[in-house]
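Here's the structure we're looking at; comments come further down.
The values are calculated or read from the model by the stated rules, or taken from the named source; none is laboratory data. Quantities reported herein were computed from a predicted structural model and do not represent experimental measurements. For neighbour counting, all protein chains shown are included, and Cβ atoms are generated from backbone atoms with ideal geometry for every residue, glycine included. SASA here: full protein model, heavy atoms, side chains in, ligands and nucleic acids out. Shrake-Rupley method; radii C 1.70, N 1.55, O 1.52, S 1.80 Å.
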Amino acid sequence: MLNLINAVFGGVLLVAGRKLFWFLVGAVGFGIGILVATRFFHGSELVTILAGLLLGVIFALLAIFLESVAIALAGFLGGGYVLLNIAALLGFDKGALAWIAFIAGGIIGVALVAFLFDWALISISSLAGASMIVNAFQFRPATSGLIFFLLLIAGVVIQGTVLRREKGALAQSA
């Protein structure tokens, strides 16, 4: 069940993460909730899913009501989640290295959001979506890296095309 949820959330993030900012923040919160629940509580899959959903809903509500705080939080958590998953692909997700990867990714995510908002959302949602899908299907490491890269490119291309069309339509109407 958890793999199906990750695949669906990842797919939505790949194609519409920038447009559905609240969903991006909620999905990243879900991913972090799952990560925390599996690393620290070792409960059943249902408990893990509920922890992820609870944190996801809290984050989505924050995104709706506290947008600027949520933007920074999404950048930090999204960047941290992505770099932690990349570290895991490389075998560097144990102990202090996991925290270093998460914090470094978070700082990079906040910087991206601050300077390149639309493209940061596209990048973070594509990276998070690709990570969630790859995690859902649990491919071999070499296959995971290739599929991750292809999904990342697809997400950036799809969302970038939509952004360019929107900006083109705004320019024509002005």
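Any residue in region 129-140 that is out of contact with any helix residue (DSSP H, G or I) (no Cβ under 9 Å at 6 or more places or on another chain), open to solvent by 40 Å² or more (accessible area, probe 1.4 Å) and farther than 11 Å from G75 by Cα?
Yes - at least one qualifying residue is present in region 129-140.
I'd like the residue in region 120-143 that is over 14 Å from the mean Cα position of the chain (by Cα) and touching a residue at least 12 places away in the same chain (Cβ under 8 Å) and, out of all such residues, is nearest to R39 (Cα to Cα).
Residue satisfying both the conditions and the ranking: Q138.
Which of (1) open to solvent by less than 40 Å² (accessible area, probe 1.4 Å); (2) at pLDDT below 85 does K19 not meet, given it meets every other one?
If we test K19 against (1) open to solvent by less than 40 Å² (accessible area, probe 1.4 Å); (2) at pLDDT below 85, just (1) comes out false.
If I filter region 86-103 for residues that are touching a residue at least 24 places away in the same chain (Cβ under 8 Å), in contact with a Pro (Cβ under 7 Å, 6 or more places away or on another chain) and either closer than 18 Å to A16 by Cα or open to solvent by 10 Å² or more (accessible area, probe 1.4 Å) (or both), do I get at least one hit?
Scanning region 86-103, I find at least one residue that is touching a residue at least 24 places away in the same chain (Cβ under 8 Å), in contact with a Pro (Cβ under 7 Å, 6 or more places away or on another chain) and either closer than 18 Å to A16 by Cα or open to solvent by 10 Å² or more (accessible area, probe 1.4 Å) (or both), so the answer is yes.
In this structure, does G106 turn out to be touching a helix residue (DSSP H, G or I) at 6+ places or on another chain (Cβ under 8 Å) and within 17 Å of L24 (Cα to Cα)?
Here the answer is yes, as G106 does meet what is asked.
Condition check: open to solvent by less than 20 Å² (accessible area, probe 1.4 Å), out of contact with any Cys (no Cβ under 8 Å at 6 or more places or on another chain) and closer than 22 Å to M1 by Cα. Does A37 satisfy that?
It is true that A37 is open to solvent by less than 20 Å² (accessible area, probe 1.4 Å), out of contact with any Cys (no Cβ under 8 Å at 6 or more places or on another chain) and closer than 22 Å to M1 by Cα.
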